[in-house]
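What follows is a short report on a single structure.
The values are calculated or read from the model by the stated rules, or taken from the named source; none is laboratory data. Predicted model, so just to flag it, every value in this text is computed and none were measured. A quick note on method: Cβ atoms are made from the backbone with ideal geometry, for glycine too, and the neighbour counts reach across all protein chains shown.
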Amino acid sequence: MVNRGSNPKSSWRFWLTALVSLALAMACLLCAGRADAEESSSEVVTRDAHFDWDADAGLLYLDLSFRDLIDATLQSKLSRGLPTTIVLTATVSHAGSTRPLSTTAQTCKVTWHVWEEAYLVEVIRPGSSRQSWTTTTEGVIRRCTEVRHLLAGDALQIPAGVTLVAAGKIQVNPVSAELLQKIKRWVMRPSATGTAAPGDALFSTFTGLFLQRIGDAERQQKFTTRVLVPTIIHSRSQ
Amino acid sequence: MQRPRGSASSRNRRALVSSPVGRGFELASAALTLLLAAQSAFAESVPASPGPDSGAAPAVATGDASPAPEPLAPEPLAPAPGSSAASGRDCPCLGPELETRAGPTPLAVRYTLEGVEVRGNTRTRAHVVLRYVPFKQGDVFDVDDPEVELSRYRLLGTGFFRDVQFSLRKGSSRGWVVLVIDVVERPTIVLNDVRMGISADADTQGNRRPLTAYAGVDVAETNLLGTGITLGSAMAVAQDQLALRVRFLDPTFLGSSWMTSGTLLYNDARDFFGNAAVLKDDPSGNSSSESALVSYKRFGGSVGVGRDLSIATQFWLNYRLESIDASYPLEASHMRGFRTEPIDFDVVRGHSVLSTLRATLDHDTRDHPFLPTRGWHAAVTAEVGLLPVASDYEYQRIEVEASHWWHLPWHDHVLRLELFAGAISGDAPFFEQYYVGDFSDFLPSRVLGVNFDRRPAPNFLNTDIVEVRYGKYAFKLATEYRIPLFRGHRSIYGIDLFASAGIYGVAGSRDITSPPVGYSGWSRVPVDLTGNVGFRMDTSAGGFVFAFSNVLGFIPVRGKGPAGGQ
């Protein structure tokens, strides 16, 4: 075998360098863990909700509000003249189970008409669409964030008389997978300004730090609800 | 009446909503798209049963676009031109909470663009911002055009801005608007690369000495004086070695689609030759040591032009001119296998000139620059030494490299397959040849062209790879497996654990025509295994790799060849 490290001084330096490298790596991982903790703490929020079970039609409806998501920054964006889309998607599951029984969604698209000085609000739900005009931000927020009577399942999917929980996410200006791919390809800059040969380790071309920031949406919040027992209603009697 | 230009999506939308059937189809497809896009993991979907709002007649009509400066306002609800609604919120036609239940009739909101205004840019010039925005004065502007959002991300992708927001404001007459681009600039000095490691080198007499450290750093200003030009500098230092480089890149030369680049380099470096039992004859007399040193200085640069051939393909042409000043022993020999042979230093003693022309075709479909999960990255490079233009080195080089990434169906794991093959013919200087450390992860690779380590390859396969330091032929076939550990959107975007393994070979002409004495059969094929394990971290400051092969490389593995070299 090759006799390496016979010099005690070199061995000492080697292990010191290795120790420092390991410490640096651990510090980075700890920072990462901290960042992870920061993000996970704001990832899933518990929201108040309400289920109605229409016993006559065999349909489950969900009421949910997320007014707080539309903060001052988002409110100012509403009147920029370009569409703002707020999408709610949710699954309904048995309490204590992660297997979804049904899903539902609502899309709210808000467009400020610059010359009319009014908002056009288009709300799309399973099986329905509604368009309305309002001149106030409050009107927009009410239409988009106070979800009332959203169809969330039917008798074939939801057993009667069970406790349920809803979970999902709210996205502001979600980016489609196609557009996301287009953006990423555009942002990517091949590192071909140097040589293709090995040995030129530095000067790997900077390819755009913001690429990683392009997520699925401009803003996103995951939520869950408490365990709920649907309130029985009778649509025919009403 | 002439129809204005509209986006493909808006044209398709008009066709879809031309009948009630089309409207229903669009509603269903829109709902389905949203459901699928938002939660692909969801198991079942809600049946499209009639909702409480369905069946109502559309109260909002979609009109044909017209070239007149008039937005396509909903006729029954829109205030008449010139009414008070145009100037205030007390619209007589629209109550603050007026609501209609409607079918899925989309409104194509279009204006005529009066101009584009850039705000918030203190350093970046407005024309640099406008390069990335395809809208011009007089265009019909569709607020639903996907190009709007794409342009925003283009601007974010430059790295010049922390935030970019588009908005519209009224133009000088009804129906005309001004597109306002608000930008928030960010520091554009970026850290491209940091390298640190330990190496085993030799002193000025060629004798082995304790482990030493080396380091390299590369920083760049990506928006020089607000012009969008990148100016970068890099430095690598080790004991008695120094490398400096300055790089320039203009992604849009004189506003054209051509890119230009330039590089200046300075190396004051040395390299270590000889496998074992090195005898040398230098001005101080005959001596023996463990290495014969070449001390050399390189100074020069390159200029290049490039062009995007497609969204994923670039072509570059570079001319390089360098002045080289090298000194090394008058004569030197070493043990190659069991035979003593002269050392060929592959560089002209004293002053020489290197002049080359290089063409590179690069194809990149990766979905991410640092932690790709799918796609290709392939490059073909051809280089020729320009002997008629006062070059002392006549050689030709051809290289092919390709990597492919697969996103595996379990837990977002990623598999990469990498292939490299290169060949040089002629008299290339040693620093242009293939170095084993660039292929074996267990040796430090060259940084800015500088070699820090005197050791041979580990030799897991017990071949004559330990006799090879530089070669004119090289290949590598490797695979890498990555496991995502963390994904974030703040300072750290991602951390992956990776492990790689591969096989490589480096050979000179002499290793093929006259293999070293003492090897037989397959051991005369200079190949070896390589591998690495560590973490890849993608952060807001750049990408970092914490790998352990550099340390593992100090564990002796069959370190002796027949000549007893190490």
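Worth pointing out:
- In segment B:344-357, residue surrounded by the most Cβ atoms within 10 Å (Cβ to Cβ) [restricted to those that are within 15 Å of residue B:433 (Cβ to Cβ) and within 14 Å of chain A (Cβ to nearest Cβ)]: B:354
- Failed condition for residue B:254, given (1) part of a strand (DSSP E or B); (2) at positive phi: (1)
- Residue B:397, sole failed condition from (1) buried (at least 19 other Cβ atoms within 10 Å of the Cβ); (2) in contact with a Pro (Cβ under 8 Å, 6 or more places away or on another chain): (2)
- Residue check for residue A:124: under 29 Å from residue B:175 (Cα atoms) and of a type outside the set (Asp, Glu): yes
- Selection count, segment B:246-271, where residues are over 14 Å from residue B:318 (Cβ atoms) and buried (at least 22 other Cβ atoms within 10 Å of the Cβ): 4
- Segment B:277-301: number of residues that are within 40 Å of the chain's Cα centre (by Cα), of a type outside the set (D, E, K, R) and surrounded by fewer than 21 Cβ atoms within 10 Å (Cβ to Cβ): 4
- Residues being in the same structural domain as residue B:309 (by TED's automatic domain parsing), crowded, with 16+ Cβ neighbours inside 10 Å and not in a strand (DSSP E or B) are represented in segment B:217-230 by at least one member.
Yes or no, residue by residue, for (1) at pLDDT 90 or above; (2) buried (at least 19 other Cβ atoms within 10 Å of the Cβ):
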{"site": "B:369", "(1), (2)": "no, yes"}
{"site": "B:384", "(1), (2)": "yes, no"}
{"site": "B:410", "(1), (2)": "no, no"}
{"site": "B:415", "(1), (2)": "yes, no"}
{"site": "B:446", "(1), (2)": "no, yes"}
{"site": "B:463", "(1), (2)": "yes, yes"}
{"site": "B:476", "(1), (2)": "yes, yes"}
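- Between B:199, B:257, B:233, the distinction of being over 30 Å from residue B:143 (Cα atoms), outside the structural domain of residue B:129 (by TED's automatic domain parsing) and touching a residue at least 40 places away in the same chain (Cβ under 8 Å) belongs to B:199 only.
- When residue A:71 is tested against (1) out of contact with any Lys or Arg (no Cβ under 6 Å at 6 or more places or on another chain); (2) within 10 Å of chain B (Cβ to nearest Cβ), exactly one condition is not met: (2).
- The strands (runs of 3 or more DSSP E) falling completely within segment A:80-181 that include 3 or more residues that are more than 7 Å from chain B (Cβ to nearest Cβ) and more than 21 Å from residue B:108 (Cβ to Cβ) map to A:84-94, A:146-154, A:164-174.
- The number of residues in segment A:60-71 that are more than 19 Å from the chain's Cα centre (by Cα) and either surrounded by fewer than 19 Cβ atoms within 10 Å (Cβ to Cβ) or at pLDDT below 90 (or both) comes to 1.
- When B:184, B:180, B:190, B:194 are checked against the criterion of being modelled with pLDDT under 90, within 14 Å of residue B:120 (Cα to Cα) and assigned to a strand (DSSP E or B), a single residue qualifies: B:184.
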